[in-house]
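What follows is a single structure, written as structure tokens, with notes after it.
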Amino acid sequence: MECLQRSHILSWANNYCAATVLLMATSRLNYRSCQAKLHTFSLIQASRHVPQAFSGSKLSVGSQRGGFFLLISQNHAKGRIANLKAPEKMKLLVRNSSALTETNREECTEKTLCMDQSVSGDAIRRRFLEFYASRGHKILPGSSLVPDDPTVLLTIAGMLQFKPIFLGQAPRQVPRATTAQKCIRTNDVENVGRTARHQTFFEMLGNFSFGDYFKQEAIKWAWELATKEFKLPAERLWISIFKDDEEAFRIWRDEVGVQEERIKRMGEEDNFWASGPTGPCGPCSEIYYDFYPDRGYAGADLGDGTRFLEFYNLVFMQYNRNGNGSLEILENRNIDTGMGLERMAQILQKVPNNYETDLIYPIMQCAAELAGVKYVGADNRTQTHLKVIGDHMRAIVYLISDGVTPSNIGRGYVVRRLIRRVVRTGRLLGIKGDGRGDVEGAFSPIIARTVIDVSKNIDPDVKGCSVRILEELRREELRFVQTLERGERLLDQLLSEALASAVGKDDCKPCLSGKDVFLLYDTYGFPIEITIEVAEEKGVCVDLPGFEAEMDVQRKQSQAAHNVVKLSVGSAISELTNRVSETKFLGYDTLQCSALIAGLLVNGVPVTEASKGDKVEIVLDKTPFYAESGGQIGDHGFLSLERSGENMNQSIIEINDVQKSGGSLFFHRGLVKEGKISVGTEVNAAVDGMLRQRAKVHHTATHLLQSALKKVVGNETSQAGSLVAFDRLRFDFNLHRPMSEHEITEVESLVNAWIGSAVPLQSEIMSLNDAKQAGAIAMFGEKYGDEVRVVKVPGVSMELCGGTHVSNTAEIRGFKIISEQGIASGIRRIEAVAGEAFIEHVNSRDSVVKQLCSTFKVKVEDIPMRVDNLLEELRMVRNETTTLRAKMATMKASMIVDTASVIGTAEARVLVANMDDLDAESLKAAAEHLLSLLNDPAAIVLGSSPGDGKVNLVAAFSPKIVKCGLQAGKFVGAIARLCGGGGGGRPNFAQAGGRNPEKLVDALEKARTDLELTLSTSS
């Protein structure tokens, strides 16, 4: 049996009536330490997992002839002793987790748990899938956490990948399916660790019917799975149904046999599934587990989370809601179910919450070891912190594995937010550095290794991404620690000030202003959630409306993930899908064919005919046109139709885009240039061969580029996006630094060498598993079926790809990288050209070089030297100009030195002046010169308006002025705000700027008044 780190020390055996506990021990074990742990039983007995037969029992531990026994005294039976010896180890049979706790230490401490593998998380997942596979369901792979759906930010439900089928936009590939889907929800992240079941990352086990079986089979199989496969006691299961769903009620009561008292009718808010105001919808039915059946039926409330746990949800998608609110029966009724893996694991493993299952507990245990704490016996705060880390680290690892990198917008913000919560939580637990002695190290990669180790049955691809995941975490954690330390100091100061301001004011609650919260967020990278948590710990509220007003733009850009899958029936696409099963793609073998117009849209509306000038979308039964996917843009070309007869004329449609929708329908978008077209007409479809060749060249070059990057930069580099266009290619990849010029040159050399080798390409169709085992690389963001197309450049690359490619690398002719730049944290972008675009690029650059040679009257090889000489001449002229301006400024300053005012008994000299159009550097020189001419104490404030709506300000204070409490940085910053700007600097010298020159005179007058008032008071 597999041993896992666990928190349970003692529990009970299966035989409740006999009250038997099996205990085997060595004489070396210190049983007194075990006895000291028995106070935990009072907590265990209070939990919902205590067998009713043990209610009120007394427990003690003792020794007998070198062994140990556990005595259980019952109210209704005599206590019994089970005393068995073992020569080496103590083993205690644990009832409440269906497992064994094992230790061989001198003290009875938390050690390892040997779990019954039939109820492990992996086993539950496998048994669920096999159960439905044996009932005709196809086991399909779960989709990425990055969905192919613009309406949601992340994959939040198991049904998301089937949304086009439910909408009627795509034909079903199988009549019934079953999946295990990774999901992310962050709308209630603040509840993670505080409740028994809230998580950001979870697995949803689902079975689906696409117009096949319906309510009766779904209900019966769900019950059979729960009671026979997982052997849950039928009397502990309660059912909820929609209040008007009499069909479900009869099936549960009459066919399944559930007592009517355990079937609860609930309203539309709880048990009627709808994604929005219109679209597919239907009643739900849920199965709940009862932890306290002894409480009876009277007054039972399924919303009582302490007693009931919902673990299986059945959605009967039988209606379509129209715009007027009416419901109509769907022609094809569907089933969508979801069973929370973590919830079922909690029930079967008999632990008090999702976190103590084998799916999450090893991660918490790793964090506990780094923090030097133990989960068992820890206070609620410590356990909550460990739960947060256990949950968040799963989400982080799988998100990064699926290509999401930390940033300040969209999905990247979700990852960054979770990482920062983990880092701060780890610090609150006392983890220093990496937790293993390196105070400058990072601890999150260490915990991530545990997540990766247990991922093989969830997502096998995670292991292959481990290097990138760990490096991403290390970099992000260390970056955040730097800002966190600065931000923590500032936050402590702000909280202290807020608390101090409320002292003695009974009606005033200490509050952190929205402006200060925004400063923490914008400057120090403090997520608002962390600020709120820390403030709440200190008893300080946060001005959220003020914060939202301060960061309105940023807030809109970093909205959290949508947490509802919105389905709205696209009637036009749905209608076409019902009439046309698919568009057959012939474009790998030909650029021209005859095809039938199966569907026609004008401005998104289905029509039967279109004429000259109409912008159309045309669906053909077959096509040589490639539809945009895999980063490659759609083909361009023409559809044409020649009519015969008296009114002989030609119809021509120019196609400028092809998109795939409804699964496998190709929508040819274009303009009717001549004549008319109608549904049912046969047309000649012809792809622009020159543009197709450009796309083929760039697509194959993209494959070569990825292989070259892996060789030069590192094999862990992976694709993060791409564009294959007619004029260029664009390739995004993971790298946390700019590429060096040498690396760029090396990549170009590799690609051009492969081009020069004239390598013939190969393509074949194979199963997805065979392709992955062969080492084929998947394209970023693509979804794959059971069978995939594999494109090989033998000895160079092998990728899953449905795009069009050259037949031989020699067709590419040449390759050149145009640019390499960062586009997001950890993401670099290369733009390059190949083939005809490469020739055009070379010719363009050659033309520029020839023009430079003509202008400079030099040879090509002398251009760099000539440019360097010109730059040096320009630099010298600029320096001379700056020097002259500074001299003019000091001369001008010397002329106004006598205008300084003398203030107070200390005879402080104050000089405030408008220096007209001096630039910032000249103004600085003037202030420094004046300060050297005036005796200490002296305060100088100068302003200027050089044009273009700019204001320059400078403040120079002598040492005695600074001792009076005046600081140049703060002073000039306040004055600059009057001109619509800001600035700062040192206490003795500072510069600022503004955008309102018309306010300069008033601002300088304000400066003069403030200086004179302050210095006259301090004299």
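Of the numbered conditions (1) closer than 14 Å to V119 by Cβ; (2) touching a Cys at 6+ places or on another chain (Cβ under 9 Å); (3) polar (S, T, N, Q), T357 fails exactly one; give the number of that condition.
(2)
Output the qualifying pairs, or none if there are none: Cβ atoms under 6 angstrom, residues six or more apart or on different chains, first residue in region 377-405 and at negative phi, second residue of a type in the set (D, E) and open to solvent by less than 10 Å² (accessible area, probe 1.4 Å).
Correct list of pairs: I400/E472.
Please state which of the following conditions P150 fails to meet, knowing it meets all the rest: (1) within 30 Å of S664 (Cα to Cα); (2) at pLDDT 80 or above; (3) surrounded by fewer than 19 Cβ atoms within 10 Å (Cβ to Cβ).
Evaluating P150 over (1) within 30 Å of S664 (Cα to Cα); (2) at pLDDT 80 or above; (3) surrounded by fewer than 19 Cβ atoms within 10 Å (Cβ to Cβ) leaves (2) as the failure.
Going residue by residue through region 565-586, is there one that turns out to be of a type in the set (D, E) and at pLDDT 70 or above?
Going through region 565-586, the residues of a type in the set (D, E) turn out to be 575, 582.
Right, trim to at pLDDT 70 or above and you get 582.
There is at least one residue in region 565-586 that is of a type in the set (D, E) and at pLDDT 70 or above.
Within the group Q706, Q693, which residue is over 36 Å from the mean Cα position of the chain (by Cα) and either among the charged types (D, E, K, R) or in a helix (DSSP H, G or I) (or both)? Before the answer, list the steps.
Working: Q706 fails: over 36 Å from the mean Cα position of the chain (by Cα).
Result: Q693 is the single residue among Q706, Q693 that is over 36 Å from the mean Cα position of the chain (by Cα) and either among the charged types (D, E, K, R) or in a helix (DSSP H, G or I) (or both).
Quick one: is N334 touching a Cys at 6+ places or on another chain (Cβ under 9 Å), closer than 24 Å to P175 by Cα and assigned to a strand (DSSP E or B)? Give the steps one after another, and end with the answer.
Numbers: touching a Cys at 6+ places or on another chain (Cβ under 9 Å): no; closer than 24 Å to P175 by Cα: yes; assigned to a strand (DSSP E or B): yes.
The answer is no for N334.
Exactly one condition in (1) within 28 Å of the chain's Cα centre (by Cα); (2) charged (D, E, K, R); (3) open to solvent by 30 Å² or more (accessible area, probe 1.4 Å) is not met by E356; state its number.
Here E356 meets the rest and fails (3).
Hey, among the residues in region 878-911 that are modelled with pLDDT of 85 or more and in contact with a Lys or Arg (Cβ under 8 Å, 6 or more places away or on another chain), which one's most open to solvent (accessible area, probe 1.4 Å)?
V902
Restricting to region 681-718, name every residue that is open to solvent by 50 Å² or more (accessible area, probe 1.4 Å) and closer than 30 Å to V605 by Cβ.
Scanning region 681-718 gives E682, D688.
Restricting to region 126-147, what's the tally of residues that are among the charged types (D, E, K, R) and at pLDDT below 90? Lay out the reasoning, then the answer.
Keep residues of region 126-147 that are among the charged types (D, E, K, R), which gives 126-127, 130, 135, 138.
Going one step further and asking which of them are at pLDDT below 90, we end up with none.
Summing the residues that are among the charged types (D, E, K, R) and at pLDDT below 90 in region 126-147 gives 0.
Here's a check for you: in region 215-242, which residue that is among the basic types (K, R) and in contact with an Asp or Glu (Cβ under 8 Å, 6 or more places away or on another chain) is farthest from P175 (Cα to Cα)? Outline the logic, then answer.
At the first step, the residues of region 215-242 found to be among the basic types (K, R) are 215, 220, 228, 231, 236.
Still in the list and also in contact with an Asp or Glu (Cβ under 8 Å, 6 or more places away or on another chain): 215, 220, 236.
Values: K215: 15, K220: 18, R236: 33 Å.
Filtering region 215-242 for residues that are among the basic types (K, R) and in contact with an Asp or Glu (Cβ under 8 Å, 6 or more places away or on another chain), the one farthest from P175 (Cα to Cα) comes out as R236.
Check S407 against each of (1) in contact with a strand residue (DSSP E or B) (Cβ under 6 Å, 6 or more places away or on another chain); (2) surrounded by 24 or more Cβ atoms within 10 Å (Cβ to Cβ) and name the one condition it does not meet.
For S407, the exception is condition (2).
Can you run down the residue pairs with Cβ atoms below 7 Å, 6 or more apart or on separate chains, where the first is in region 174-191 and more than 17 Å from M393 (Cα to Cα) and the partner is open to solvent by less than 10 Å² (accessible area, probe 1.4 Å) and among the aliphatic types (A, V, I, L, M)?
A180/L205
Being assigned to a helix (DSSP H, G or I) and farther than 30 Å from E811 by Cβ is the filter; apply it to region 839-857 and report the residue that is most open to solvent (accessible area, probe 1.4 Å).
Within region 839-857, the first condition is being assigned to a helix (DSSP H, G or I), and the residues that meet it are 839-856.
If we keep only those that are farther than 30 Å from E811 by Cβ as well, we get 851-856.
On the way: Q851: 122, L852: 63, C853: 24, S854: 72, T855: 91, F856: 50 Å².
Looking at residues that are assigned to a helix (DSSP H, G or I) and farther than 30 Å from E811 by Cβ, I get Q851.
Give me the helices (runs of 4 or more DSSP H) completely within region 456-548, filtered to those with at least 2 residues that are among the aromatic types (F, W, Y), ordered by residue number.
Answer list for region 456-548: 514-524.
Go through region 727-836 and tell me which strands (runs of 3 or more DSSP E), entirely inside it, have 2 or more residues that are farther than 27 Å from S664 by Cα and of a type outside the set (D, E). Walk me through how you get there before you give the answer.
On the way: elements: 729-734, 762-767, 787-793, 797-800, 815-824, 827-834.
So the answer is 729-734, 815-824, 827-834.
Here are the criteria: (1) surrounded by 11 or more Cβ atoms within 10 Å (Cβ to Cβ); (2) more than 54 Å from the chain's Cα centre (by Cα). Tell me which single one N914 does not satisfy.
Unmet condition: (2).
Can you confirm whether R394 is surrounded by fewer than 24 Cβ atoms within 10 Å (Cβ to Cβ) and not in a loop (DSSP other than H, G, I, E, B)? Steps first, please.
Numbers: surrounded by fewer than 24 Cβ atoms within 10 Å (Cβ to Cβ): no; not in a loop (DSSP other than H, G, I, E, B): yes.
Taking the combined requirement at face value, the residue does not satisfy it.
Could you tell me whether any residue of region 690-707 is of a type in the set (S, T, N, Q) and closer than 14 Å to E831 by Cα? Can you show your working first?
Residues of region 690-707 of a type in the set (S, T, N, Q): 693, 700, 702, 706-707.
When the remaining residues are screened for being closer than 14 Å to E831 by Cα, the result is 702, 706.
Yes, region 690-707 has at least one match.
Can we say Q365 is touching a strand residue (DSSP E or B) at 6+ places or on another chain (Cβ under 8 Å) and either assigned to a helix (DSSP H, G or I) or open to solvent by 10 Å² or more (accessible area, probe 1.4 Å) (or both)?
Values: touching a strand residue (DSSP E or B) at 6+ places or on another chain (Cβ under 8 Å): yes; either assigned to a helix (DSSP H, G or I) or open to solvent by 10 Å² or more (accessible area, probe 1.4 Å) (or both): yes.
Criteria met by Q365.
Can you work out which of the residues in region 978-990 that are modelled with pLDDT of 90 or more and open to solvent by 30 Å² or more (accessible area, probe 1.4 Å) is farthest from the chain's Cα centre (by Cα)? Let's see the steps before the verdict.
Keep residues of region 978-990 that are modelled with pLDDT of 90 or more, which gives 978-979, 988-990.
Keeping just the survivors that are open to solvent by 30 Å² or more (accessible area, probe 1.4 Å) gives 978, 988.
Values: L978: 42, N988: 47 Å.
Checked region 978-990; the qualifying residue farthest from the chain's Cα centre (by Cα) is N988.
Consider region 946-964. How many of its residues are open to solvent by 40 Å² or more (accessible area, probe 1.4 Å) and either under 49 Å from the mean Cα position of the chain (by Cα) or farther than 15 Å from V910 by Cβ (or both)?
Step one: list which residues in region 946-964 are open to solvent by 40 Å² or more (accessible area, probe 1.4 Å), which gives 946, 948, 950, 959-960, 962-964.
Filter again for either under 49 Å from the mean Cα position of the chain (by Cα) or farther than 15 Å from V910 by Cβ (or both), leaving 946, 948, 950, 959, 963.
Counting residues in region 946-964 that are open to solvent by 40 Å² or more (accessible area, probe 1.4 Å) and either under 49 Å from the mean Cα position of the chain (by Cα) or farther than 15 Å from V910 by Cβ (or both) gives 5.
The values are calculated or read from the model by the stated rules, or taken from the named source; none is laboratory data. All of these numbers come straight from a predicted model, not from anything done at the bench. Here the Cβ is made from the backbone with ideal geometry for all residues, glycine too, and neighbour counts use every protein chain on show. In case anyone asks, the SASA skips ligands and DNA or RNA and just uses the protein heavy atoms, side chains included. Shrake-Rupley method; radii C 1.70, N 1.55, O 1.52, S 1.80 Å.
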